[in-house]
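Quick note: the coordinates plus some simple rules give every number you see, no bench work behind them. Remember, predicted model here, so these are calculated numbers, not experimental data. Every residue, glycine among them, receives a Cβ derived from its backbone with ideal geometry; neighbour counts consider all protein chains shown.
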Amino acid sequence: MKVDLALLNNLLSKRSDEIEQSVAGTGYLARTVIGVGTFLLDNEGDTDLLTSKQLATFEKFLEPLLESRPIRPGK
């Protein structure tokens with residue numbers, strides 16, 4: 001699976017507060033989720049390179065946020 005890098009970059013750079021809200025009370029750290037996102041950015045969004053724990057983190061936190069508010073052209 002490939003991730004939309006523009007959406008991911010927008011999420012990590014401008015919507016990190018949403019990541020913090022999504023992990024609140026779960027025992028996960030926002031920096032862990034952001035680290036997984038940064039790893040994906042560095043590796044062209046290729047989720048096949050993630051470990052099973054990283055993939056679970058991506059699917060639980062990042063994927064829903066990426067799907068919830070797509071970036072609009074010109075934004």
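Since only LEU5, GLY45, LEU55 are under comparison, the one whose Cα sits farthest along the positive direction of the charge dipole of the chain, derived from C-beta charges on Lys, Arg, Asp and Glu, is LEU5. Can you work out the Karplus-derived ³J(HN,Hα) for every residue in region 11-18? Use 6.51 cos²θ - 1.76 cosθ + 1.60 with θ = phi - 60°, whole Hz, and x for glycine or proline. In residue order, the calculated couplings are 4, 6, 8, 10, 10, 4, 4, 5 Hz.
Computing mean projected area of the Cα convex hull in nm² directly from the structure and comparing it against (1) 4.7; (2) 5.3; (3) 6.0 singles out (1). Here's the list of aspartates and glutamates a cross-link from LYS2 could span, going by alpha-carbon distance under 15 Å and ignoring same-chain residues fewer than 8 apart: ASP42, GLU44, ASP46, ASP48, GLU59, GLU63, GLU67. Cβ under 12 Å from LEU5's Cβ, LEU5 left aside: what net charge do those residues give with Lys, Arg +1 and Asp, Glu -1? Within the 12 Å Cβ shell, the charges total -3.
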